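Novice: Mind looking over this structure? Questions follow.
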Amino acid sequence: MSQEGRNRFGLDVGTSRIVLARRSGEEYQFDSQLNAFVSIPWSKLTCEVLEKERIPHARSDGQILVFGDASERFADLLHTETRRPMLEGALNPEEPEGLSVVRAIVELLTGGLERKGSKLCYSIPAPPVGSPDAFKFHRVALAQMLEELGFEVRSLEEGLAVIFAELADFNYTGIGVSLGAGLTNVCLAYLSVPVVSFSLPKAGDHVDAGAAAAAGEVATRVRVLKEQYFSLNGLSSDRLPGKLRQALRVFYDDLIRGVIEAMQEAFEQQRALPRLNRPLPLVLAGGTALVPGFRDRFEHALRQTDFPLRVSEIRLAADPLHAPAKGALVAALADM
Ligand SMILES: Nc1ncnc2c1ncn2[C@@H]1O[C@H](COP(=O)(O)OP(=O)(O)OP(=O)(O)O)[C@@H](O)[C@H]1O
Ligand SMILES: [Mg+2]
């Protein structure tokens, strides 16, 4: 491993998961943790047991916060929902523990690695159309926290990160779409320069909440069933109740339609740009694109519209869940 690659990291701070990417020889290596926590009353005994079992936790205001992947198990055990530091792509203002939990998760992911002076590029959501400052607090608060940990940081919009991860063969020209939990991020780039980027607050959480309300379920259970059994190619497992299957289809179609319409509007003004006249590749990434049949459904819907730019191919990222973190690492390796 080169000395260069060793002290560079890509970090995707997602509403659902936080992913760290780093180079290991010629390979990319990814580690991730759920961006969630539960709080339990503080007691010395509980702390000692958690210590002994090596369950990541922190102390805060008379509470113990169990965070990351372990939080889901604890929530199950305690019949409660996990709490989430982020909502719709950014730190949740209603969750006072948000930033300290994200920090604890980053410390967990980078435990044992050299932080001081290492270069780290982290993903941020692009602002929604018309609200350029929407994520300013989120971006700056994360930068400060990461600098306190010793990193030299820069941020990168998530849609562009997908392009950096996937479109090297096209000189980073094309459209990157990351469909996550809280947000869908879109970027149109020409030779690695973002021309248009935006986010919209519609992604997996929107599908879960909508389908849950329609089928009389709770969103957490819908998410678990969706991830295990749902598919958009007509091959959903029988283990998915019929009503829920139908509701998931409705909300997935609504999401796909919403993303395509938002792209049409945002790209409309770019139609006249001669340099974007050649057909462009479009890459789909993020956990919400993992449902079998998603790419086909997306392509079918897009080809039916009068899309303002010519799209040559629509493909799924090689590793949809890790593409934004990989793109952030590509940026950190390239030019920091
Ligand atoms: N195998 C799967 N099938 C269907 N959906 C999945 C699957 N795995 C994850 N998801 C969904 O993907 C979403 C999480 O995706 P991802 O990890 O890309 O989001 P994130 O980056 O944390 O969030 P965001 O980018 O919105 O801040 C969740 O809604 C989750 O339910
Ligand atoms: Mg994401």
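The values are calculated or read from the model by the stated rules, or taken from the named source; none is laboratory data. This is a predicted model, so every value here is computed, not measured. Reconstructed Cβ throughout: ideal geometry from the backbone, glycine too, with neighbour counts over all protein chains shown. SASA here: full protein model, heavy atoms, side chains in, ligands and nucleic acids out. Shrake-Rupley method; radii C 1.70, N 1.55, O 1.52, S 1.80 Å.
Residue-by-condition table, conditions (1) out of contact with any Gly (no Cβ under 7 Å at 6 or more places or on another chain); (2) surrounded by 14 or more Cβ atoms within 10 Å (Cβ to Cβ):
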position: ILE18; (1), (2): yes, yes
position: GLU27; (1), (2): yes, no
position: ASN35; (1), (2): no, yes
position: VAL38; (1), (2): yes, yes
position: TRP42; (1), (2): no, yes
position: LEU45; (1), (2): yes, no
position: GLU51; (1), (2): yes, no
position: SER60; (1), (2): yes, yes
position: ARG73; (1), (2): yes, no
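Novice: Right, something else. Could you please find all residues in the range 134-170 being part of a loop (DSSP other than H, G, I, E, B) and in contact with a Phe, Trp or Tyr (Cβ under 9 Å, 6 or more places away or on another chain)?
Specialist: PHE151
Novice: Here are some conditions: (1) within 30 Å of VAL196 (Cβ to Cβ); (2) at pLDDT below 95. ASP238 meets all but one. Which one does it not meet?
Specialist: If we test ASP238 against (1) within 30 Å of VAL196 (Cβ to Cβ); (2) at pLDDT below 95, just (1) comes out false.
Novice: Just to be sure before I move on: is LEU188 open to solvent by 20 Å² or more (accessible area, probe 1.4 Å), in contact (Cβ under 8 Å) with a residue 24 or more places away in the chain and outside any helix (DSSP H, G or I) in the structure I sent?
Specialist: In short, no.
Novice: Next question. Which of the following residues is within 28 Å of LYS136 (Cβ to Cβ), in contact (Cβ under 8 Å) with a residue 24 or more places away in the chain and open to solvent by 20 Å² or more (accessible area, probe 1.4 Å): ARG83, ARG23?
Specialist: The unique qualifying residue is ARG83.
Residue-wise test of (1) on the phi > 0 side of the Ramachandran plot; (2) within 16 Å of ligand 1 (Cβ to nearest atom).
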{"position": "ASP12", "(1), (2)": "no, yes"}
{"position": "ALA21", "(1), (2)": "no, yes"}
{"position": "GLU26", "(1), (2)": "no, no"}
{"position": "PHE37", "(1), (2)": "no, yes"}
{"position": "ILE64", "(1), (2)": "no, no"}
{"position": "ALA75", "(1), (2)": "no, yes"}
{"position": "HIS79", "(1), (2)": "yes, no"}
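Novice: Give ALA266, ALA247, ALA318 a once-over and let me know the one that is in a helix (DSSP H, G or I) and within 23 Å of the chain's Cα centre (by Cα).
Specialist: That would be ALA266, the only listed residue that is in a helix (DSSP H, G or I) and within 23 Å of the chain's Cα centre (by Cα).
Novice: Sticking with this one: If you go through the range 198-214, how many residues are farther than 26 Å from CYS187 by Cβ and either open to solvent by 20 Å² or more (accessible area, probe 1.4 Å) or outside the structural domain of LEU156 (by TED's automatic domain parsing) (or both)?
Specialist: Of the residues in that region, 2 qualify.
Novice: Regarding PRO308, is this residue out of contact with any His (no Cβ under 6 Å at 6 or more places or on another chain) and either open to solvent by 50 Å² or more (accessible area, probe 1.4 Å) or within 16 Å of ligand 1 (Cβ to nearest atom) (or both)?
Specialist: When the stated conditions are applied, PRO308 does not pass them.
Novice: Here's a follow-up. For the range 217-243, which residues satisfy the criterion of being open to solvent by 70 Å² or more (accessible area, probe 1.4 Å), without any contact (Cβ under 8 Å) to a residue 60 or more places away in the chain and either away from ligand 1 (no atom under 13 Å from the Cβ) or farther than 30 Å from GLU157 by Cα (or both)?
Specialist: Once the filter is applied, which keeps residues that are open to solvent by 70 Å² or more (accessible area, probe 1.4 Å), without any contact (Cβ under 8 Å) to a residue 60 or more places away in the chain and either away from ligand 1 (no atom under 13 Å from the Cβ) or farther than 30 Å from GLU157 by Cα (or both), the range 217-243 yields VAL218, ARG221, LEU235, ASP238, ARG239, LYS243.
Novice: What is the number of the single condition among (1) within 16 Å of ligand 2 (Cβ to nearest atom); (2) in contact with a strand residue (DSSP E or B) (Cβ under 6 Å, 6 or more places away or on another chain) that ARG223 does not meet?
Specialist: Against the list (1) within 16 Å of ligand 2 (Cβ to nearest atom); (2) in contact with a strand residue (DSSP E or B) (Cβ under 6 Å, 6 or more places away or on another chain), ARG223 comes up short only on (2).
Novice: Still on this structure, please answer the following. Out of the range 123-167, which residues are open to solvent by less than 50 Å² (accessible area, probe 1.4 Å), closer than 13 Å to VAL330 by Cβ and not acidic (Asp, Glu)?
Specialist: SER123, LEU156, LEU160, ALA161, VAL162, ILE163, PHE164, ALA165, LEU167
Novice: Right, another one. Working only within the range 72-92, note down all residues that are more than 16 Å from LEU183 (Cβ to Cβ) and either within 19 Å of the chain's Cα centre (by Cα) or outside any loop (DSSP other than H, G, I, E, B) (or both).
Specialist: Within the range 72-92, GLU72, ARG73, PHE74, ALA75, ASP76, LEU77, THR82, ARG83 meet the criteria.
Novice: Ok, one more. What are the residues in the range 244-289 that are open to solvent by less than 10 Å² (accessible area, probe 1.4 Å), more than 21 Å from VAL224 (Cβ to Cβ) and of a type in the set (A, V, I, L, M), if any?
Specialist: ILE256, VAL259, ILE260, MET263, LEU276, LEU280, LEU282, VAL283, LEU284, ALA285
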